[in-house]
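The structure under discussion appears below in the form of structure tokens.
The values are calculated or read from the model by the stated rules, or taken from the named source; none is laboratory data. Since we're looking at a predicted model, the values are computed, not measured. Quick reminder, even Gly has a Cβ in these numbers, built from the backbone with ideal geometry, and neighbours come from all protein chains shown. Remember, those area values only see protein heavy atoms, side chains included, never the ligands or the DNA or RNA. Shrake-Rupley method; radii C 1.70, N 1.55, O 1.52, S 1.80 Å.
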Amino acid sequence: MFVVELQFECFDNTTLSQVDSAINGLMDALRYNGQVLGREFPVVIDEGIFRVRVVCPEKESLHSRYNSPQVNVCYEQLTLSCLLTPKIKLLGVDLNSDSVAESFSPSWQVLYTTYVHSCSPLRSGDTLLPIPLYQTGAVTDGDYKAIIKWQTEWQAFDEIQMAIKSPTAVSMALTEIGDVDSELFVRGRNLCRHIETTTEVPTYYYQYRVGGESEATELARKCPSCGGEWHQSEAIHGLFHFKCDRCRIVSNMSWNFQ
């Protein structure tokens, strides 16, 4: 991943509210297109120039060839707010981020995230490194907002079950990220089917697993969707102990026994 600074200059009189609306609108559109990562984008003014620092998956993530229709509309809004097209300055590699996958067409891929990750939730099954969403072509309504919104919700539930002490809240969160019949799980699997159809790469959904009676019963559990055998002799990437090629689901052995 790379840290990039966007520099916005005014070409005529404008107002702070217009500038704020135009810049933040653009940042939201770039986020929902996978071109910038994270949720918060502080805007500072320095000698009449508005500056925003962001993390991008690649050096050229902000190139216009990757723009969604929504991003292009926001660039037009900059002009209406008396702002020039931003200058883009590459600051360097983000040392706290993973690099992206070397291949955007792996042998298989997985929709996987956690509450501590801000990168693309689509990971190469070969390396578990993130694949930039704008490189997949798997758009819905012009961009990748549906996938980003799914990721945001999944991370919220993950953080609840990791940090909240309320048994009711934890149970609700674990149901959403671990139950194949939950609304979030169903929506995520539908996204996987859409991504697979678009990219022609087998796309799996990650089932979070915690609890269970014992290590033995955990290892013996079947695919939650079809009831078939799915235990792997060796955990894939040290994480996925289960993988069902029929249902396109992967899972970990319960964290209680790791």
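The table for this structure:
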| read-out | value |
| --- | --- |
| Residue within segment 36-46 that is surrounded by 13 or more Cβ atoms within 10 Å (Cβ to Cβ) and not in a strand (DSSP E or B) present | yes |
| Residue selected from segment 94-119 under the condition in a loop (DSSP other than H, G, I, E, B) and of a type in the set (Val, Ile, Thr), by the criterion farthest from Ala138 (Cα to Cα) | Val116 |
| Contacts under 8 angstrom Cβ, first residue in segment 18-39 being closer than 24 Å to Tyr115 by Cβ and among the β-branched types (Val, Ile, Thr), partner part of a helix (DSSP H, G or I) and open to solvent by less than 20 Å² (accessible area, probe 1.4 Å), 6 or more apart | Val36/Met27; Val36/Leu30 |
| Test: residue in segment 60-72 that is surrounded by 14 or more Cβ atoms within 10 Å (Cβ to Cβ) and at pLDDT below 95 | no |
| Residue selected from segment 76-104 under the condition buried (at least 18 other Cβ atoms within 10 Å of the Cβ) and hydroxyl-bearing (Ser, Thr, Tyr), by the criterion farthest from Ile131 (Cα to Cα) | Ser81 |
| Residues that are open to solvent by 50 Å² or more (accessible area, probe 1.4 Å) and out of contact with any helix residue (DSSP H, G or I) (no Cβ under 8 Å at 6 or more places or on another chain), drawn from segment 117-128 | Ser118, Asp126, Thr127 |
| Val4 at pLDDT 95 or above, part of a strand (DSSP E or B), under 26 Å from the mean Cα position of the chain (by Cα) and crowded, with 20+ Cβ neighbours inside 10 Å | yes |
| Single residue of segment 55-75 satisfying the filter (within 17 Å of the chain's Cα centre (by Cα) and among the hydroxyl-bearing types (Ser, Thr, Tyr)) that is farthest from Gln135 (Cα to Cα) | Ser68 |
| Checklist (1) outside any strand (DSSP E or B); (2) free of Cβ contacts under 8 Å to residues at least 24 places away in the same chain; (3) among the charged types (D, E, K, R) applied to Arg123, failing item | (1) |
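One line per residue, one yes/no per condition, for (1) in contact (Cβ under 8 Å) with a residue 40 or more places away in the chain; (2) touching a His at 6+ places or on another chain (Cβ under 7 Å); (3) in a helix (DSSP H, G or I); (4) within 20 Å of Thr199 (Cβ to Cβ):
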{"position": "Glu58", "(1), (2), (3), (4)": "yes, no, no, yes"}
{"position": "Val73", "(1), (2), (3), (4)": "yes, no, yes, no"}
{"position": "Thr79", "(1), (2), (3), (4)": "no, no, yes, no"}
{"position": "Gly92", "(1), (2), (3), (4)": "yes, no, no, no"}
{"position": "Trp150", "(1), (2), (3), (4)": "yes, no, yes, yes"}
{"position": "Ala156", "(1), (2), (3), (4)": "yes, no, yes, no"}
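Residue-by-condition table, conditions (1) hydroxyl-bearing (Ser, Thr, Tyr); (2) in contact with a strand residue (DSSP E or B) (Cβ under 8 Å, 6 or more places away or on another chain):
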| site | (1), (2) |
| --- | --- |
| Phe8 | no, yes |
| Gly25 | no, no |
| Val44 | no, yes |
| Glu58 | no, yes |
| His63 | no, no |
| Tyr75 | yes, no |
| Asp98 | no, yes |
| Ala101 | no, yes |
| Trp108 | no, yes |
